[in-house]
Amino acid sequence: MVKLESIFAIVTLLTYLVSGGIYIWYLVTSNRRAARLASMLLVLGFFCHTMALGMRWIDSGHPPLSDSYESLSLFSWGLVLFYLISERKYPIQAAGAVVVPTAFIIQSIALVLNEGPEPLRPILNSGWLWIHVSIAMLSYGFFALAFGAGFFYLIQEYLLKKQYQHALAAFVIMFAAIGLAVGLWLGFIWAHPADAVNQQTGEHFNQYSSGDIYKILGLAGAGLVIALILGFAAGKGASRPGFVKRLPSLDVLDEVSYRGVALGFPLLTIGIVTGAIWADKAWGAWWSWDPKETWSLITWLFYGGYLHTRLTWGWRGRHSAMISIIGLVVVLFTYIGVNYLLAGYHSYAKV
Amino acid sequence: MNAEKANAISPVKEPGAQLGRKPADVMFAVIIALALATLDIYLSIIYYRNTGYDMRWLLATIDIMVVISVLAAAGKRVFHMLISMKLAVTMLFVVAIMSIIGTLLPQGADVQQSDLYNSSLYHFYNSLGLFDVYHSRWFLALLFTLIASLILCIGNRVPTTVKKTFRLRVDVKDAFVANQPQAQAFPGAGERGLEEARRVFRAHHYRLHTGSSGSVMGLRGRFAPLASIAFHSSFILIAAGALLSSQLGFSDDSVIVPNGQVVNVPNTQLQVMNYSFKIEYEGKGLLKNGSIVRVRELADGKTVQREDGGDMSQVTQVYDLAPSSFFSDIEVYKNNQPVKRQTIREGDPLEVDGATFYQKSYTYDPSSGQPISILEVNHKPFKTLIYIGGILLMLAIMVSLYLPQRRIWAKVGSDGQLLVGGRTSRSKLGFRREFERMTKELQLRLRQEARADG
């Protein structure tokens, strides 16, 4: 079962890689046949992905949301599903050039993290918790959508003002940030710090050696350099007059960004409240200011601020776009950064 | 207080405009400010001499009042500041940023294990409350400012929102329709056009209301603004529930109960005795044929079983064992009389006399290395309030953001032209597109009718 699962997972990864490559080819050449082929491959990959996740569910006896591999893999699965549905409804094959490579990167990070099915402490295998985790993940997805639309809002605005240098700089900075973050993340995974337990409080925390630090800095540097090159290439490609027509209008980007937050915010609220109810049932403490809790509250306050600046102060356009971009940084820290950098109760479940 | 009331009744429109206040009012504000500041300092001295009663929340409240009265004495329009959303939204970001501090520094008992404990900065940080940020005086003061401004903002909005929700603005003037953010006129459409407009609105799932003057109002998401109020109010419910629970109940999150000892539960007449503490482990087993199965070591510390119920003799090696659940067999005494005995585990607490005993975690005895159970014992009399607040929070925000309000009016103007106009407070672009679709449909229907007539 485990072997079959990993075969499916690897086939998934390969089909996403090839399909993503063909989608990029389509973006460059506008060859319709290429788009159809990429889409067919993606469906095949999605099927394998579904099989791999289903087998993991049967094998571990709980929904695939309990560790980094499972939650990330499910995330990229959701991304591909969302894209496949949208592709059937709207002519947005060009977006495949962004979405499918992203799904590929997330799925490969997931596979690096895979340590096989782990048994789950009975207390963690509860209905409240599955609602809590899956809804929180869904809200992160919508915030990522808001971020994407916000970023392209800035690019489109620069292009319309003919500030091509600014557009190029925005691409380079964004790629550099993502590259640095992914590099750091892979570094933390590679370093694999010892899991130490505080004898007094029973809390888990990570212990890093100096060798671990070099690994982390090395991969972060490598990620940064690769991302700078890619960002410069992508920025050069996009920073030209013709690209304006390839992007949606400013109004649409602004609206999509708002909708992402408006859809994600209630979900984050539900995620936080269900988490609190579950913690209260398990340990009698509905809020204990543990870092993951606090950071999810910070994320919640931040997007609450976004909605108020927009709906009651009337901010629009560039300011809103900037807030939605910073918002994703907060989200990513809550989702991933907290697990590696801060201690707390949530560290048993790295999701 | 006088000055504040005066501000509320006759607000001055221009920001920063000087108030023509009587010297007596200023004197009054100054005296109140001085009195509050004296009280604040006096209570602080008592508190820092350790009275045993945690009154940080009280100190924080007085701190805010001191700041407010000082600002009032200095001629600021404090009440306006508090009911303006500007302060509330700013405080959202401020609380978010200040919360970060507590996640970067060890909190509570953790600090004793960290390097900071022996560093020269320890006392400085400690005096700023940085090792217990979320219960520190300054954090509570920020939180209370946010809540106070929230309460005032909501209170300010409740009457208009209730009125708008239950007393719909159906009868409107021509100019009102024409001046909506989205508006269009259909010359010569007349009463027939109005009838068509009703059909189009209904087809787009608007609920129709007809006024006595013949104007039509289409409404969707009627309760969204009310839900927004409910969402913000539930935040107050949660805060009230938490504050009342902490003041009228008690909570101890680390009652350490070694096996075979009777331990007093702080703040109660209860004692607790732990008969035994046991840990169950789960891990992996390597089979002779090379495959891996999941195994469980029972709480007796000896028996190992395969999760699939298979033969244990096939397992050559057991590894990756990790605690999966832990149990305390406890008995609770009241005034040294046994009341109730039960084996508790995470998610399965014991309730006695309003106090609830939860299995929290465990530690190890430094000398014997034996695991020792840690319990959370609490009594939260206003927990229901917190739960109601939490559930209201989820429902209200969904209604508020997923079913946004859209209002649209149609009216035959004095010169026989049909006026259509509408507005929303949420997704403006989405509404604009819908409005354009509706007016296009209306145009089409009117043209078809004209053709049928002609």
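None of the figures in this text is laboratory data; all of them are computed from the coordinates on show. All values reported here derive from a predicted model rather than from experimental measurement. No Cβ is skipped: glycine too gets one built from the backbone with ideal geometry, and neighbour counts run over all protein chains shown.
Observations on the structure shown:
- Cα gyration tensor, the protein assembly as shown - rounded (a/c under 1.5), prolate or oblate: oblate
- The residues neighbouring B:THR316, those whose beta-carbon lies less than 14 Å from its own, together hold a net charge of +2 under the Lys/Arg +1, Asp/Glu -1 convention.
- Of B:ILE229, B:GLY193, B:ALA239, farthest towards positive along the dipole that unit charges on Lys, Arg, Asp, Glu beta carbons give region B:193-240: B:GLY193
- Least to most buried among A:HIS62, A:HIS132 (fewest other Cβ within 10 Å first): A:HIS62, A:HIS132
- Built amide H within the under 5 Å cut-off of B:SER324, gap 5+: B:GLU280, B:TYR281, B:GLU282
- In terms of the mean number of neighbouring beta-carbon atoms within 10 Å, the peptides B:259-265, A:318-324 order highest first as A:318-324, B:259-265.
- Size of charge dipole - region A:1-120 - debye, nearest 20, with Cβ of Lys, Arg +1 and Asp, Glu -1, no other charges: 720 debye
- Principal-axis tilt of helix B:224-248 within chain B, Cα atoms, nearest 10 degrees: 30 degrees
- Rounded, prolate or oblate (a/c below 1.5 giving rounded, otherwise prolate when a/b exceeds b/c) for region A:207-351 by Cα gyration tensor: oblate
- Eligible aspartates and glutamates near A:LYS3 by straight Cα distance, threshold 14 Å, same-chain separation 8 or greater: A:ASP59, A:GLU115
- 10 Å Cβ neighbours from other chains, averaged over peptide B:80-87: 1
- Taking a Cβ cut-off of under 11 Å around B:ASP174, the surrounding Lys, Arg, Asp and Glu residues balance to a net charge of +1, with basic ones at +1 and acidic ones at -1.
- Percent breakdown of C-alpha pair distances by 5 Å bin, ordered from the shortest bin, for region B:119-230: 2, 9, 12, 14, 11, 8, 7, 6, 5, 5, 5, 5, 4, 3, 2, 1, 0
- Dipole axis of the protein assembly as shown (+1 Lys, Arg; -1 Asp, Glu on Cβ), positive-most option in B:PHE382, B:GLN314, B:ASN259: B:PHE382
- For the segment B:390-398, counting C-beta atoms of other chains within 10 Å of every residue's C-beta and taking the mean gives 5.
- Taking Cα atoms only, the orientation of helix B:137-166 departs from the longest principal axis of chain B by about 40 degrees.
- Linear extension gain, B:ASP415 paired with B:ALA203, 0.36 nm per residue minus alpha-carbon span: 73.6 nm
- Straight-distance crosslink candidates among lysines, where the alpha carbon sits under 20 Å from A:LYS162 and sequence neighbours closer than 8 are dropped: A:LYS236, A:LYS245
- For chain A, fraction of C-alpha pairs farther apart than 31 Å, in %: 36 percent
- Net charge of Cβ neighbours under 12 Å - reference A:ALA38; Lys, Arg +1; Asp, Glu -1: +2
- Of the residues A:PHE46, A:LEU111, A:ALA9, the one whose Cα sits farthest towards the positive end of the charge dipole of region A:1-120 is A:PHE46 (charges of +1 on Lys and Arg Cβ, -1 on Asp and Glu Cβ, taken about the Cα centre).
- The charge dipole of the protein assembly as shown, taken about its Cα centre with unit charges on the Cβ of Lys, Arg, Asp and Glu (plus for the first two, minus for the last two), comes to roughly 4160 debye.
- The shape of region B:308-397 comes out oblate: with a ≥ b ≥ c from the C-alpha gyration tensor, a/c is at least 1.5 while a/b does not beat b/c.
- Residues with amide H under 5 Å from that of B:TYR364, placed H, sequence gap 5 or more: B:ILE372
- Shielding value for B:89-100 is 5, the average number of Cβ atoms from other chains within 10 Å of each residue's Cβ.
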